[in-house]
Each structure stands twice: as C-alpha cells, then as structure tokens.
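Engineer: Pasting in a structure now, in structure tokens, and then I'll have a few things to ask.
The values are calculated or read from the model by the stated rules, or taken from the named source; none is laboratory data. Every value quoted in this text rests on a predicted model; they were computed, and no experiment measured them. Cβ placement follows ideal geometry from the backbone for every residue including glycine, while neighbour counts extend to all protein chains displayed. SASA here: full protein model, heavy atoms, side chains in, ligands and nucleic acids out. Shrake-Rupley method; radii C 1.70, N 1.55, O 1.52, S 1.80 Å.
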Amino acid sequence: MLGGGQGRLALVASSAVVIAGLFAAPARTAASPPYGQVSFAVRSLSPKFGPNIHDYVVRCHNRPVTVNVHLSGAWEAAIANHPYRSGDFSEVMPLSVGRAFTITVRQVGHPQLYPYHVRCLPNDFPEYTFTRHRPVSPRFFSVDMQYFSRYAIIFDNHGAPIWWYHSSAHGTRVLPDGTVLWFGHSSGRYEIHRLDGSLVRSLDAVGQPANPHDLQLLPNGDYLVGAYVKESDVNTRSYGGSRKANVANTELKEVSSDGQLVWNWRSQDHISLTETGRHWRPVVHHPIPELGYDVSHWNSIEPDGKSVIASFRNLDAVYKIEKSTGKIIWKLGGKRTPKSLTVKRDPHHYTLGAQHDARLLGDGTLTVFDNRTGLRNRTPRAVRYRINRKRGTATLLRSITDPRVRTSNCCGSARRLPNRDWLISWGKHGPIGGYQPDGKRTFLLSFPSNFSYRAEPVPAGALSAQDLRAGMGAMAHAQLR
C-alpha cells in the first residue's frame, strides 16, 4: 500500500521497502521469475516488489537513491547500464523527478531477461494508497486530481502510476489510438495529447464555451459536447426563486472535425422547470456565478445511433433524445413524466439521485453511477439496466455497493468491463475501486486529500507499458534541454 496516514506505507524519503523473496530458476518461457533467489531494496519503493510487477515509483526528491541487491545461486543483476554482478552489492543511482532506471535480472546461461523499471515521482505528486485484493482489471486506467497538485495519471493494475502529466486536467481518458484526452481548465478547452505531452489538437463547443463534464468522439470524426447557456428573465417564483431569474440551461451539440455545428439541442425546449423537483432549494440558494440557477446540470453524453443518452444531475434523470427532432424518447428516474420508464426489480422507489456517467454497453444495457445524494438511502451504487422501449420499462440487472463508501456528494463513474468486472470511481472524497461481477472488491485506490472526477479504463490494445515508459522518458528528456 502507498499513501499517507498512520499504519500505511508512505512514499516519503524516510520510508524504505525491502523487496525480498527467494526465486527458483525460471523456465525459458516464463514471463517473470518464480519466487526464489533474488531480492533488492530501494528507499520508498512502491508497489511492494513482486517478480511479475515490472513498474515501480519512488519519491527521490531529486536526490540519488541507493539500490541494495541480494542474489544467490545462478542469478545476477545489472543496474542501468552497469555490468552484471552476483551476490550482495549496493549501488548509488543518480535520480531526479520523472527520470527512471532499470534493474535487469537474468539467470546465468539463460537468455531470458527480467527488467524492473523504477521512476521518480514529482515532489508534489498526491499521496495515495493502493490495496490489491484479487487480480485487477483493466490493465491500465486513467484518473485526474481535482484539487491542488493537479495531474492526469495512468495507473497500472498493480497500483503503479506509470504515466503522468502535470495539468489542470478534468475527465482524463485514453483514446483508442493511444492519445490522451482531457478538459484543460487552464485553456478552457478539451485537449488531446500524445504520451510525450505534446498537443495534438484542441476541441471546443460552437457558440459557447465547452462544458468540462464530457466529450464523446464519433466514428466520423465529429464529437458530442455540452455547454451551459444563460437565459434571463425566467419566472421561477413558483419554485422559490425570483420572478426574473437567470437560469443556466444546457445545450447539447454535435460538432464536426473542422469545428462546424452539426446539431444543437436546448434543454429548455424539451424539459420543464418542474422536473428540477427536489433540487430547487439548493439551486436557488447556490446559483452558478454569471449563469444563474443550475436547473438541469448536465454531466454526461453518450451516442446511441441516431439518438444520444444524456445524464442531468439536478433532474435525477437520464434521457434518451432523438437528434432529428429533439424529442425525448424515454426518461429514467426523476419526476415522472409521460416519457418516464417504469422501473422493475429496483429496491429503491426513487430510482436515481444526482447520478453521473450514463453509458451504453454493446448489448444495449445502460450503466449509471448513482450518487444518491440527498436521498433517504444515500449509499451510492453502480447500476445496470435493460431498457425496453416498446414496453416502457427499465429492469435493474445489477447493483454494486461498497461498505467503505457511504455517501457520494459529487462526481464519480461506473464502467462495466468486457470481462464483466467493474471499475468504479466513488466520487468526491471517495476511492476508486475494482470489482468482480459478484461485487467482490479487487482493489481500492484512495487519495487522502484529493479525488478523481472519473476513473476511465484504457481501451485494450490502445497502448502498452513500453509506450507509457517511452512517453515519460521523452517528457523527462525534454525537461533537461
């Protein structure tokens, strides 16, 4: 485990982890040495050493680190480009933030090499704790830090931050081509970066600034995005507001690859103010500066053929919207309307509460992260529904909770993976967890003083550990120029 707090292994200069084990001689086809005759120690190494774990980090504070190696039998090791040695030895390695060195292990007389990569974290990299309970899916996943020490980060399934970029990133996501997308709060736009940090392109809405909650790329090169737009002189007296209020409506847009508006949808044309329901009181007391009452609070969009699926936090509902007409096809959750689905097999009478991250799976089912903010039963959950439009029903297929997480007031995500495992970000001040189909936890990643808006699985085959190392190496080399 890695992070702050008493009883945890903190990645600080004063901590040390002794990596010990006794390896037996490996088979020629082995991906990693079996436990046997090798051990080494590096101050503040994380995660805890294992022969099948090949990426590690330390907090070097721009100072050299000492590597202590013990080898027995026919094993030998080389640190960086130094000669192979056997037995017990120590070497001092110069190291600085972002830089790395490799410890390569081999058995005398065998061609197989076993490299272990150790990279130095930035001094302000957030403290974290990673606890692995079972085999973890996916291989890599992305997060970002929403408070101070803001980073876009990619973790591997052993809890090592294998790639990072210092940026005020929001909604960090790896695309199928191996580039990384996030909303940059500094630029006010979505940005696509290569792994070496270089900018590929920026994306924005048309007519208004893009909202940072979500952007989805389409196969034809277009993209779906949202914007909050002020409407003035709206009579909200019936809901506890003023007679001439400013209201923040939502506009959903499809934008072409060359920045032209393809489709635009306005929430006020299709959703009534009554649907804000139980959120009216906080909406009136906490308006968005310069925009007004946040009556809908859109937070995700998902393509669905000639329609889109959109989540609105302050409506407690997910909507399917027909693009050609703008009409609402169905509504899941919130105040009941003629388009509302009848929910089956859900123990909660009130289906969703301030939910996030509504996603359509390949089998047509829908996953949602249900924060349940402000409801009587506030335990957040990841849910999956089967929608039957003809019958007007939504049947709950799966609901996952974690006893460690009792509330979730903001943010979060729930992703069902191809192997049916789940990757769940439990929202503001909550951990990120992996779960088997039956809900058993596979890992828990916690940030004591920070949190990630979402956790996104890296698409299988989009990149490799070597790609990520090379990207980090390129950024470290650029800093030395």
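Engineer: Could you name every one of the strands (runs of 3 or more DSSP E) located completely within segment 128-240 that has at least 3 residues being within 30 Å of PRO448 (Cα to Cα)?
Structural biologist: 129-132, 140-144, 151-156, 161-166, 169-174, 180-184, 189-193
Engineer: Identify, please: which residue in segment 283-296 is touching a residue at least 24 places away in the same chain (Cβ under 8 Å) and under 29 Å from the mean Cα position of the chain (by Cα) and is, among those, farthest from ARG372 (Cα to Cα)?
Structural biologist: LEU291
Engineer: Another question, then. Could you please find all residues in segment 454-481 being modelled with pLDDT of 95 or more and either assigned to a loop (DSSP other than H, G, I, E, B) or under 12 Å from the mean Cα position of the chain (by Cα) (or both)?
Structural biologist: Within segment 454-481, ARG454, ALA455, GLU456, PRO457, VAL458, PRO459, ALA460, GLY461, ALA462, LEU463, SER464 qualify.
Engineer: Taking TYR350, is it in contact (Cβ under 8 Å) with a residue 24 or more places away in the chain, among the hydroxyl-bearing types (Ser, Thr, Tyr) and buried (at least 24 other Cβ atoms within 10 Å of the Cβ)?
Structural biologist: Answer is no for this residue.
Engineer: While we're looking at this one, here's another question. Hey, among TYR128, TYR84, TYR116, TYR151, which residue is of a type in the set (Ser, Thr, Tyr), open to solvent by less than 10 Å² (accessible area, probe 1.4 Å) and closer than 28 Å to GLN37 by Cβ?
Structural biologist: TYR116
Engineer: If I filter segment 436-446 for residues that are out of contact with any Gly (no Cβ under 6 Å at 6 or more places or on another chain), closer than 21 Å to LEU375 by Cβ and either among the basic types (Lys, Arg) or open to solvent by less than 10 Å² (accessible area, probe 1.4 Å) (or both), do I get at least one hit?
Structural biologist: For segment 436-446, residues out of contact with any Gly (no Cβ under 6 Å at 6 or more places or on another chain), closer than 21 Å to LEU375 by Cβ and either among the basic types (Lys, Arg) or open to solvent by less than 10 Å² (accessible area, probe 1.4 Å) (or both): absent.
Engineer: Still on this structure, please answer the following. Within segment 35-66, count every residue that is of a type in the set (Ser, Thr, Tyr) and part of a loop (DSSP other than H, G, I, E, B).
Structural biologist: Matching residues across segment 35-66 total 2.
To keep it simple, each residue is scored yes or no on (1) over 22 Å from PRO135 (Cβ atoms); (2) under 19 Å from the mean Cα position of the chain (by Cα); (3) among the hydroxyl-bearing types (Ser, Thr, Tyr).
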| site | (1), (2), (3) |
| --- | --- |
| LYS331 | yes, no, no |
| HIS356 | yes, yes, no |
| ASP363 | yes, no, no |
| LYS390 | yes, no, no |
| GLY412 | yes, yes, no |
| ARG420 | no, yes, no |
| LYS428 | yes, yes, no |
